[in-house]
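This report refers to the structure that appears directly beneath it.
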Amino acid sequence: MITATKWLASLPEPKGLLEHVQRYGRQSLEDLEPPTHSDESWRFTDFNLLEGLLNRPIYSQTTENKSSLLKTLPEPPKEVLRISLDPLKNPLHQVTLPPGLEPISPEELKEGLGKTLSRCACQSDWPVAINKASASEVLALRVKGNNLPPLELVTQAKKDNFTPTRIVLVLEKKAKLKLLQVILGSNQSAQSHLVEIYLKKDSHLNHGWVALGGGEASVLANIAIEQEEQTNYSLTSVQQGWAFARIDPR
């Protein structure tokens, strides 16, 4: 049986904007039953590979200098806004957002974070608790208008480390956005990704997910989508080269 006890004990003390979420996630992991082959959606899973994901130390300040980015990407087209996600840094640091994209305030984020997870009935899922227990930063954006540049969010592998990221997107009425998430894994890296998306009336989101692994890399991802009437959400996902890869859209 999978156990997260040792991994939980290795995590740093909760702090920052997501401190209360981290505490809740860690308590949830202690209380939740881990997935087993008797669960329909997990019955073909190799749990040895899943357990290996939790055998990686979480990426921290002490490992930052030793844990270089393992892959490089070509420059994006001029019209594309690329944001690189780092588990230890404010994702909008030194990023100039175009008109129509604005950060969600910490006050509003504390009020609304997790509501879409709850409405999609995955608030208490074991992989979601993994992310809640570990993620210390969140990229939270509000989208307005229908003439925005495509948005590209990139997460690079941290060698031999566990990297969590969390994203919240709110599309206002009649907003339109093209979103590409690029997940790069290599060697013994492990990653957890949690995405909450809320589409208000008449909004449209075209979501691409490209996850390219390598070696013994592993990735665990959850995408929760909440839609009001007359909205359109499309998801295209491509995954290749992982020892273990799982994406759950709800």
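Things worth noting here:
- Potential lengthening of the chain between Ile83 and Lys178 amounts to 32.8 nm, from the contour at 0.36 nm per residue minus the alpha-carbon distance.
- Amide H contacts under 5 Å for Val143: Val170, Leu171, Glu172, restricted to partners 5 or more places along the chain or on a different chain, H placed in the peptide plane at 1.01 Å from N.
- Heavy-atom SASA rank of Ile2, Ile247 (probe 1.4 Å, accessible area, largest first): Ile247, Ile2
- Once backbone amide H atoms are built at 1.01 Å from N, Val219 has Gln191, Phe244, Ala245, Arg246 as its partners under 5 Å, excluding neighbours fewer than 5 places away on the same chain.
- Karplus 3J(HN,Hα) series, Hz, for region 182-188 with 6.51 cos²θ - 1.76 cosθ + 1.60 (x for Gly, Pro): 10, 10, 10, x, 6, 6, 9
- Under the Karplus curve 6.51 cos²θ - 1.76 cosθ + 1.60, θ = phi - 60°, whole-Hz ³J(HN,Hα) for region 23-28, x wherever Gly or Pro sits: 5, 5, x, 5, 5, 4
- The portion of the accessible surface of region 202-246 made up by carbon and sulfur, rounded to a whole percent, is 40 (1.4 Å probe; DNA, RNA and ligands excluded).
- Phi-based couplings in Hz for region 39-44 (Karplus 6.51, -1.76, 1.60; Gly and Pro marked x): 7, 3, 6, 10, 5, 9
- Charge sum, other residues only, whose C-beta stays under 12 Å from Leu85's C-beta, Lys/Arg counted +1 and Asp/Glu -1: +1
- Sulfur and carbon atoms: percent of accessible area, region 1-46 [1.4 Å]: 52 percent
- Sum of side-chain charges, Phe244 neighbourhood, beta-carbon under 15 Å (Lys, Arg +1; Asp, Glu -1): -2
The values are calculated or read from the model by the stated rules, or taken from the named source; none is laboratory data. Quick caveat: nothing in here was measured; it's all calculated off a predicted structure. Cβ sites come from the backbone with ideal geometry, for glycine too, and all protein chains shown count toward neighbours. For accessibility, only protein heavy atoms count, side chains too; no ligands or nucleic acids. Shrake-Rupley method; radii C 1.70, N 1.55, O 1.52, S 1.80 Å.
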